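Handing you this structure, nothing more for now.
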Amino acid sequence: MEDFQRRELLPVSEKELPSIGLVELQPGVDTEPIAINLTDAYLTDDLVHEALLYCWGDANVKVPISLTGAAFGVTGEPVRCF
């Protein structure tokens, strides 16, 4: 699996709407690493999403996850969040 490469969000729309990055948690089982996909969306009144509070933890301790199909290390204990 390749390392994750950051990308730009959507440009400001013709209607001057800014965009935000969203995380989509993928289904899995306890023995599999956490897998998420990054998407982006324009901030509109009909945008539906759920929020998740996440504590970053010790920057020296990282847990591997799959981020849009690429390897990525996150701090804290993401398993407890998801």
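Where the second residue is part of a strand (DSSP E or B) and hydroxyl-bearing (Ser, Thr, Tyr) and the first is closer than 14 Å to ALA70 by Cα and lies in segment 31-45, which pairs have Cβ atoms under 6 Å and are six or more apart or on separate chains?
PRO33/SER66; ALA35/SER66
Taking ILE65 as meeting all but one of (1) out of contact with any Phe, Trp or Tyr (no Cβ under 8 Å at 6 or more places or on another chain); (2) at pLDDT 80 or above; (3) surrounded by 12 or more Cβ atoms within 10 Å (Cβ to Cβ), write down the number of the exception.
Answer for ILE65: the failing condition is (1).
On the basis of being at pLDDT below 70, in a loop (DSSP other than H, G, I, E, B), surrounded by 12 or more Cβ atoms within 10 Å (Cβ to Cβ) and of a type in the set (A, V, I, L, M), does LEU9 make the cut?
Judged against the criteria, LEU9 is a match.
Also, I was wondering about something else. Which residue out of LEU38, LEU52, LEU22, LEU47 is hydrophobic (A, V, I, L, M, F, W, C), in a loop (DSSP other than H, G, I, E, B), modelled with pLDDT of 80 or more and touching a strand residue (DSSP E or B) at 6+ places or on another chain (Cβ under 9 Å)?
Going through LEU38, LEU52, LEU22, LEU47 in turn, just one is hydrophobic (A, V, I, L, M, F, W, C), in a loop (DSSP other than H, G, I, E, B), modelled with pLDDT of 80 or more and touching a strand residue (DSSP E or B) at 6+ places or on another chain (Cβ under 9 Å): LEU47.
Can you pull out every residue in segment 56-69 that is assigned to a loop (DSSP other than H, G, I, E, B) and free of Cβ contacts under 8 Å to residues at least 24 places away in the same chain?
Within segment 56-69, TRP56, GLY57, ASP58, ALA59, ASN60, VAL61 meet the criteria.
The values are calculated or read from the model by the stated rules, or taken from the named source; none is laboratory data. In this text the structure is predicted, and so the values were computed from the model without any measurement. Here the Cβ is made from the backbone with ideal geometry for all residues, glycine too, and neighbour counts use every protein chain on show.
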